[in-house]
């Protein structure tokens, strides 16, 4: 239930220019963590980079979640 409240408040983020800037930032972070993933010398570094990549990829799907909520409430 709380998730729907947060998604509703994030609706303005999905406007084109704001979303594009957000995606550019996420892509830059994913590139950084991809490099860390490739260069990891310890298992803990590898796991941390994998976790960060999973979280960032989840954020790239945020727009779909927000738009899905809009369709449910209409």
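Starting from the Cα gyration tensor of the stretch 2-73, take the square roots of the eigenvalues, sort them a ≥ b ≥ c, and report rounded, prolate or oblate (rounded when a/c is under 1.5, otherwise prolate if a/b is larger than b/c, else oblate).
prolate
Label-point separation (nm) for residue 61 and residue 42, each offset 7 Å from Cα along Cα-to-Cβ?
3.1 nm
Kindly express, to the nearest 10 degrees and within the range 0 to 90, the angle between helix 43-60's C-alpha long axis and the longest C-alpha principal axis of the chain.
20 degrees
Over the chain, what is the relative contact order in percent, taking alpha-carbon pairs closer than 8 angstrom and at least six residues apart? Mind showing how you got there, number by number?
Working: 34 pairs, mean separation 32.2, N = 74.
After rounding, I find 44 percent.
Could I have the simple spin-label model distance between residue 31 and residue 16, label points 7 Å from Cα toward Cβ, reported in nm to one decimal?
Distance between the two pseudo-spin positions: 2.4 nm.
For the chain, find the longest principal axis of its Cα atoms and tell me its angle to the long axis of helix 16-39, 0 to 90°, nearest 10.
20 degrees
When the helices in the chain are scored as -39500 (n - 2.57) per DSSP H run of 4 or longer and the sum is shared across all residues, what 222 nm value do you end up with, to the nearest 500 deg cm²/dmol?
On the way: 4 runs with 62 residues, N = 74.
Here the helix-only value at 222 nm equals -27500 deg cm²/dmol.
All of the numbers you see were taken from the coordinates with simple rules; none came from a lab. Please read all numbers here as calculations on a predicted model, not as lab measurements. Note: ideal-geometry Cβ built from the backbone for every residue, glycine included; neighbour counts use all protein chains shown.
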